[in-house]
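Reviewing the structure listed below.
The values are calculated or read from the model by the stated rules, or taken from the named source; none is laboratory data. Computed from a predicted structure; not experimentally measured. Using ideal geometry, Cβ is built from the backbone for each residue, glycine included, and neighbour counts are taken over all protein chains shown. These accessible areas exclude ligands, DNA and RNA; they are computed on the full protein's heavy atoms, side chains included. Shrake-Rupley method; radii C 1.70, N 1.55, O 1.52, S 1.80 Å.
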Amino acid sequence: GIQVEQSPPDLILQEGANSTLRCNFSDSVNNLQWFHQNPWGQLINLFYIPSGTKQNGRLSATTVATERYSLLYISSSQTTDSGVYFCALLSGTYKYIFGTGTRLKVLA
Amino acid sequence: GAVVSQHPSRVICKSGTSVKIECRSLDFQATTMFWYRQFPKQSLMLMATSNEGSKATYEQGVEKDKFLINHASLTLSTLTVTSAHPEDSSFYICSASGGASNEKLFFGSGTQLSVL
């Protein structure tokens, strides 16, 4: 099946710093979403981005489907950005497969 | 955005009992619902996919007789963990797709199951 790897697995930032999270996938996909899982377990949609670039405030995402990767940019990080970031891909069998996740901790 | 309600948020039960978890789409009709399981510090693992009115499709390695899924309506899916054992303790999360954003996933808040 499709493999989805995220990097880095863990990231510690000082408040105000910028970061780039990467999602690599092994096969062509129909759709891709980025999620933030907060410390209480709730998953929040960040971007629905099968291709191209989108921005929402301090966050932006880019997916290059032909090269099988997606990037999530976090600028001017805040402590509330802490949590786990997942990319999830909609495979050809209409299943969303989750990546390995990046655990982010932003220090005040 | 679409709202998915999941409850209970936390349940503690004795070994051998059954536990039912409900997942409701509140403001859209969910053509497909997905059930995931997450162990501490790990990613979400898809357990099964359910479509309204039909049998769920289980992922390899997931016991369908242990994890009963019912998707009786376009707004409700239930997961019943039968004869729960301590190794079933985990965080269970449902998600739904449908409505205007048919391929986007929206998640419930999850259920932490602890089996004593």
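Quick notes
- For the set B:Lys66, B:Lys14, B:Lys55, B:Lys104, solvent exposure ranked by accessible area (probe 1.4 Å, protein chains only) runs largest to smallest as B:Lys55, B:Lys14, B:Lys104, B:Lys66.
- Across the cross-link table entries B:Lys20/B:Lys64; A:Lys95/B:Lys104; A:Lys105/B:Lys41; B:Lys20/B:Lys104; B:Lys66/B:Lys104, which are compared at the Cα atoms, the separations over 21 Å belong to B:Lys20/B:Lys104; B:Lys66/B:Lys104.
- Where A meets B: accessible area buried, both sides, 1.4 Å probe, Å²: 1700
- Where chymotrypsin sites (Phe, Trp or Tyr not before Pro) fall in DSSP loop in the range A:1-87, at most 13 other Cβ within 10 Å: A:Trp40
- Ellipsoid semi-axes in whole angstrom, largest first, where each is sqrt(5λ) of the Cα gyration tensor of the range A:47-108: 23, 15, 9
- Counting, for every residue in B:44-50, the Cβ atoms of other protein chains within 10 Å of its Cβ and taking the mean gives 3.
- Vicinal HN-Hα couplings computed from phi for the range B:22-34 (Karplus, 6.51 cos²θ - 1.76 cosθ + 1.60; Hz; Gly/Pro x): 10, 9, 10, 8, 8, 10, 7, 8, 8, 5, 9, 10, 10
- Protein-protein interface of the range A:41-62, residues with accessible area decrease of at least 50 Å², isolated chain reference, 1.4 Å probe: A:Gln42, A:Leu43, A:Tyr48
- Accessible surface of A:Leu46, taken over heavy atoms with a 1.4 Å probe and every protein chain present, rounds to 40 Å².
- Projected label distance in nm at B:Lys66 and A:Gln3, using a 7 Å step from Cα toward the beta-carbon: 2.7
- Here the Debye sum runs over all C-alpha atoms of chain A as equal scatterers in vacuum, and log10 of I(q)/I(0) at q = 0.19 Å⁻¹ comes out as -0.90.
- Viscosity 1.567 mPa s, temperature 4 °C, Stokes-Einstein D of the protein assembly as shown from Kirkwood C-alpha radius, µm²/s: 72
- Extension gain for the segment B:Ser5 to B:Asp27, taken as residue separation times 0.36 nm less the Cα-Cα distance, is 6.9 nm to one decimal.
- Rounded if a/c under 1.5, otherwise prolate or oblate - the range B:31-104, Cα gyration tensor axes: oblate
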